[in-house]
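The values are calculated or read from the model by the stated rules, or taken from the named source; none is laboratory data. Keep in mind the model is a prediction, meaning the values are calculated, not measured. Because the Cβ atoms are built from the backbone with ideal geometry, glycine has one as well, and the counts that use them run over all protein chains shown.
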């Protein structure tokens, strides 16, 4: 299982980015969460198969139809907690 934390910057709040992330994560069979950050970015924690995680990362560079993604920072995450589904925080 691969686990990463994404920090996505740009116009990513107020454009349904979290809702589209939920749909994509479910489509790819991933677990974790997506949440808005106070600085205007969006954080996404992903757990799942390597190929599925990579597909989500590729999608996140485009994001929701109304979003304008400037950057996607990908960090390996080695925490022990396991998520059973994908949720919006």
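The set of residues in the range 25-40 being within 21 Å of residue 11 (Cβ to Cβ) and over 9 Å from the mean Cα position of the chain (by Cα) consists of 36, 37, 38, 39, 40. Of 44, 53, 34, all but one fail to be crowded, with 16+ Cβ neighbours inside 10 Å and either part of a helix (DSSP H, G or I) or modelled with pLDDT under 95 (or both); the exception is 53. Could you say whether any residue in the range 61-71 is modelled with pLDDT of 95 or more and surrounded by 21 or more Cβ atoms within 10 Å (Cβ to Cβ)? Within the range 61-71, not a single residue is modelled with pLDDT of 95 or more and surrounded by 21 or more Cβ atoms within 10 Å (Cβ to Cβ).
Are any residues in the range 1-31 farther than 14 Å from residue 74 by Cβ and in a strand (DSSP E or B), and if so, which ones? Of everything in the range 1-31, those that are farther than 14 Å from residue 74 by Cβ and in a strand (DSSP E or B) turn out to be 10, 11, 31.
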